Amino acid sequence: MWAAQILAAAVMGQTLYFKFSGAPEPIYIFETLGAEPWGRYGSGVLEAIAVLLLLIPRCAALGGALTMGLMAGALGAHFTKLGIVVLDDGGTLFGMALVTFAAATFVTWSRRRELPLIGHRF
């Protein structure tokens with residue numbers, strides 16, 4: 001379980017630098033989505049929160065759920081507006097989003113009893 005939490009946190013954590021530094025790739029992505037710069041900064045802040053939650057044992061289920069939502073949005077953007085390959089990356093960003101979504105799903109399911117409000121039902 002920890003491996004999945006660290007994997008998801010590491011993938012999202014390493015993308016934060018690019019989002020906040022104004023690297024060309026995230027600017028292109030969010031311009032294509034019509035959400036530059038507020039979408040880039042907003043998603044970066046939410047991803048930073050998700051990374052922190054994933055690394056705090058008591059909050060990992062919530063971090064996994066937040067990560068699932070963020071990656072669902074990223075995958076949806078790839079399927080609708082961006083395409084699988086973005087700026088000749090060979091599908092790397094899409095693959096990273098897919099792996100992160102899978103890791104977050106595993107974390108959320110494995111720790112589902114720890115989810116606020118609904119965890120006690122499991």
Fill in: Unique match (being at pLDDT 95 or above, more than 30 Å from R121 (Cα to Cα) and over 10 Å from the mean Cα position of the chain (by Cα)) among G39, G13
G39
Response to the item:
Here the residues within the range 1-24 that are loosely packed, with under 15 Cβ neighbours inside 10 Å and farther than 30 Å from R112 by Cβ are Y17, F20, S21, G22, A23, P24
Fill in: Residues of the range 35-59 that turn out to be free of Cβ contacts under 8 Å to residues at least 12 places away in the same chain, under 16 Å from A8 (Cβ atoms) and surrounded by 15 or more Cβ atoms within 10 Å (Cβ to Cβ), as a count
1
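The values are calculated or read from the model by the stated rules, or taken from the named source; none is laboratory data. Just so you know, these numbers come straight off a predicted model, no measurement behind them. Methodologically, a virtual Cβ is constructed for each residue, glycine included, from the backbone with ideal geometry; neighbour enumeration extends over all protein chains shown.
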